[in-house]
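Input: a single structure, listed below in structure tokens.
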């Protein structure tokens, strides 16, 4: 469950973008920014536990939202592809957090690139055998399942994602909605990084967060952009990832086989969608040709 917790949130981050017609490939960078932001808030302040934990999580979310808002503003107001900007921002975020963890935020008298350990008041406790971060992720998934299906703002997200022109004709502020959706997506990825820092690693170390944001893309596609379905998808991916380390030791199989299994799973899930698109395009061409012959 520890491995699956940030994956649920990064999967949700990509899902919100997909529902609004955005392909947020920058969840990794947003997660890293949120993780180091939560680490800073966790060790730099002394507060009661009931205040410190929410404060650190919200601060991580704000960092992720601010980072994603760069791509959101460029997409909404300058029509710059979010795919390109989020990929570029991933590289910038990786370099930025490495610098921060090795220079201004580095733990004193420590050769490793990492921040100081967070205060005990900022650490997420376990609820029995269940990490409290996983409970938070479940609640957030259920909330966004309701939000996208039952609220006015969720309707705006879905409408813009399905047809921006129709949304604009209906009076929905398309640019504002795109910007807001990207910020919400970044906040969710930042929450994933914050929960990873506060509940698992206890500090920020760049190597411990590698690949979590990219796995969120796989989870969102496996879930078919359904917030509730990100939970079992994240559990599947998290189980495979956590077992990859011991796979080679116990069976002699290379751990890269997990990547192959995930790739094949994603291929089989995406195949019906691609097939429908291909047949739809072929049917459209045939209809156009038939209409042309009939009119001649």
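Within the chain, the ratio Rg/Rh, alpha carbon atoms throughout and Rh by Kirkwood, equals 1.04.
Label-to-label distance, residue 130 versus residue 163, with points set 7 angstrom from Cα along the beta-carbon direction: 4.2 nm.
Taking other C-beta atoms within 10 angstrom as a stand-in for reagent exposure, 77, 43 fall in the order 77, 43, fewest first. For a paramagnetic label modelled on residue 44 (point 7 Å from Cα along Cα→Cβ), amide N atoms under 18 Å away belong, within the range 159-203, to 190-191, 193-195, 197-198, 202-203. Sorting 100, 89, 264, 138 by the number of Cβ atoms found within 10 Å of their own Cβ, with the fewest placed first, yields 264, 138, 100, 89.
Taking the chain as a Gaussian network of alpha-carbon nodes connected by springs under 10 Å, the highest mean-square fluctuation of the residues 188, 221, 96 belongs to 96.
Tell me, what is the FRET efficiency for residue 143 and residue 260 to the nearest 0.05, using R0 = 35 angstrom and their Cβ-Cβ distance as r? Mind dumping the intermediate values first?
Working: r = 34 Å, r/R0 = 0.98.
Plugging the Cβ-Cβ distance into 1/(1 + (r/R0)^6) gives 0.55.
For the residues 148, 235, 267, a GNM of the chain with alpha-carbon springs under 10 Å puts the largest fluctuation on 267. The distance between label points at residue 108 and residue 210 comes to 3.1 nm (points 7 Å beyond Cα on the Cα→Cβ vector). The long axis of helix 174-196 is offset from the longest Cα principal axis of the chain by roughly 30 degrees. The GNM of the chain, with springs linking C-alpha atoms under 10 angstrom apart, assigns the highest mean-square fluctuation among 237, 195, 33 to 237.
Please state the relative contact order of the chain as a whole percent: Cα pairs under 8 Å, 6+ residues apart? Write out the running numbers ahead of the final one.
Numbers: 512 pairs, mean separation 103.2, N = 296.
Computed over the chain, the figure is 35 percent.
Compute the long axis of helix 257-295 from its Cα atoms, compare it with the longest principal axis of the Cα atoms of the chain, and write down the angle in degrees, 0 to 90, nearest 10. It works out to around 20 degrees.
Arranged by the count of other C-beta atoms within 10 angstrom, fewest first, what order do 146, 67 take?
Details: 146 13, 67 29.
Listed from fewest to most nearby Cβ atoms, that is 146, 67.
Reported to the nearest whole Å, the Cα centre-to-centre distance from the range 69-138 to the range 165-232 is 13. With a simple spin-label model that places each label point 7 Å from the Cα along the Cα-to-Cβ direction, the separation between residue 153 and residue 117 comes to 3.8 nm. For the chain, the longest principal axis of the C-alpha atoms and the axis of helix 230-251 are separated by about 60°.
All of the numbers you see were taken from the coordinates with simple rules; none came from a lab. As the structure is a prediction and not an experimental result, all values here were calculated from the model. Because the Cβ atoms are built from the backbone with ideal geometry, glycine has one as well, and the counts that use them run over all protein chains shown.
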